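See below for the structure under consideration.
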């Protein structure tokens with residue numbers, strides 16, 4: 001029998017967030033700091049996740065959130081892209097496909113099923129027939 005996978009769960013409260021990312025209407029793809037983009041592209045996120053994702057968390061609307069991952073995406077979760085789908089930059093998708101074939105695990109970031117970061121990563125995982133690796137933020 002295969003033991004169940006333990007998913008890291010962190011609860012966090014955002015106070016003083018910019019509200020740039022808000023499920024109540026101002027939800028758009030954020031511009032991320034270069035260091036965070038590199039960490040997500042390479043799957044090199046450190047724990048606790050709230051520290052690795054601090055720049056992204058600061059963009060959230062105030063409230064309580066649950067942060068999980070990185071883990072493989074549940075098959076039944078329907079994703080909503082915040083950018084045109086499929087992503088137009090085929091070379092970027094190919095870059096991530098090459099990384100996935102090399103056993104790297106780029107990480108996409110989801111907020112309640114919306115793709116905040118990782119449109120090209122999700123497209124690459126799907127093209128390779130591999131379950132995407134994600135970090136999920138869920139409002140409590």
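Values in this text are rule-based calculations from the coordinates and carry no lab data. Predicted model only: the values in this text are computed from it and were never measured. Cβ: placed from backbone, ideal geometry, glycine included. Neighbour counts: every protein chain shown.
Note on segment 87-129: percent of Cα-Cα distances in each 5 Å bin, starting at 0 and stopping at the bin with the largest distance, equals 6, 26, 33, 22, 11, 2.
Spin-label model, residue 11 to residue 74: label points 7 Å out along the Cα-to-beta-carbon direction sit 1.8 nm apart. On the principal axes of its alpha-carbon atoms, the chain has extents of 42, 40, 29 Å, going from largest to smallest.
When 11, 66 are sorted by how many other C-beta atoms sit within 10 angstrom of their C-beta, beginning with the fewest, the order is 11, 66.
Can you check how the C-alpha radius of gyration of segment 44-116 compares to 2.2 N^0.38 Å, as a plain ratio?
1.24
The C-alpha atoms of the chain define a longest principal axis, and helix 119-128 lies at about 30 degrees to it. Distance between the 7 Å Cα→Cβ label points at residue 28 and residue 98: 3.2 nm.
Note on residue 62/residue 83: beta-carbon distance plugged into 1/(1 + (r/R0)^6) with R0 of 30 Å gives a FRET efficiency of 0.75.
Highest mobility in the GNM of the chain, judged by mean-square fluctuation with C-alpha springs under 10 Å and restricted to 75, 22, 117, is found for 75. With everything on Cα atoms, drop me the angle between helix 90-101 and the longest principal axis of the chain, reported from 0 to 90° to the nearest 10. Compared with the principal axis, the helix lies near 80 degrees. Among 36, 56, the order by Cβ neighbours within 10 angstrom, fewest to most, reads 36, 56.
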